Amino acid sequence: MAGKFFEKPGAELGDRVPPGQHLAKGFPVLTYGDTPQIAPQDWKLQVWGLAKRQFLSWNELLALPQQEFTKDFHCVTRWSKLDVTWTGIKVTDVLACFEIDPQAVCVMQHCYGDYTANVSLADFAREENFFAIQLDGEPLPAEHGGPVRTVIPHLYAWKSAKWISGLEFLSQETLGFWEGHGYHRRGDPWAEERFDHL
Ligand SMILES: Nc1nc2c(c(=O)[nH]1)N[C@H]1C(S)=C(S)[C@@H](COP(=O)(O)O)O[C@H]1N2
Ligand SMILES: [Mo]
């Protein structure tokens, strides 16, 4: 796989690159289906299931604290990109707006264009996860999920939902798009949780 678009990680990066992954040159775009075009002011996060609050608007999202995040990104199709620089809002700060019922243990991320990805609330509500609104200091490009996507760095990147449009809080696990097509329900790249063999 080494060559024009991918290179084998050098030994010095070995501890940064999960097993079976190669480093991508550039930042590949991986989308199933068409790229939705959403004007930031029209973006809205719907909230349903086991939570009181029903939505968060673009302006409400921007009113929350923003910070820079530099994180590695691992796609299950075996490319990784190290040190991606984003600006975003911590997932924990967003979740604090919703009055989530203690019975909620899972979250379904819904997207414009109908993609879904499930995560446990424990995996979602981690300090290093965020809603990204910028990439390299520029508004997040549509092909990378703009105006808003989630980034969950400790799981394979299919869990990082582009064009996020909704969060559904659930008392039990329901499978998202790729998870329903045989991909792993959790997707830890360090454990190579690529496919679900159950
Ligand atoms: N809505 C939506 N989110 C998505 C996808 C998608 O097809 N639709 N692809 C996933 C996959 S498989 C990967 S690897 C990353 C790719 O993000 P990128 O295109 O910004 O590199 O987005 C994830 N989020
Ligand atoms: Mo992916």
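Structural remarks
- Longest to shortest principal axis, alpha-carbon extents of the chain, angstrom: 49, 41, 30
- Total formal charge among the other residues, if their Cβ is under 9 angstrom from that of Leu23, Lys/Arg +1 and Asp/Glu -1: +2
- For the pair Glu138 and Ser171 in one chain, pulling the backbone fully straight at 0.36 nm per residue adds 8.2 nm over the alpha carbon distance.
- Average accessible surface for the chain: 49 Å² per residue, computed with a 1.4 Å probe over protein heavy atoms with every protein chain in place.
- Cut-off 15 Å between beta-carbons: net charge of the residues surrounding Phe169, Lys and Arg +1, Asp and Glu -1: -3
- Estimated from the Cβ-Cβ distance and a Förster radius of 25 angstrom, the FRET efficiency linking Leu62 and His197 is about 0.05.
- The range 39-191: relative contact order in percent, alpha carbon pairs under 8 Å with at least 6 residues between: 28
- Ordering Pro28, Ala104, Gly49 by the projection of their Cα atoms onto the charge dipole of the chain, which places +1 on the Cβ of Lys and Arg and -1 on the Cβ of Asp and Glu, puts Pro28 at the extreme positive end.
- Surface share of carbon and sulfur [accessible, 1.4 angstrom probe, percent] for the chain: 52
The values are calculated or read from the model by the stated rules, or taken from the named source; none is laboratory data. No experiment lies behind these values; they were computed from the predicted model shown. We place every Cβ from the backbone using ideal geometry, glycine too, and count neighbours over all the protein chains shown. The area values use the complete protein model at the heavy-atom level, side chains included, leaving out ligands, DNA and RNA. Shrake-Rupley method; radii C 1.70, N 1.55, O 1.52, S 1.80 Å.
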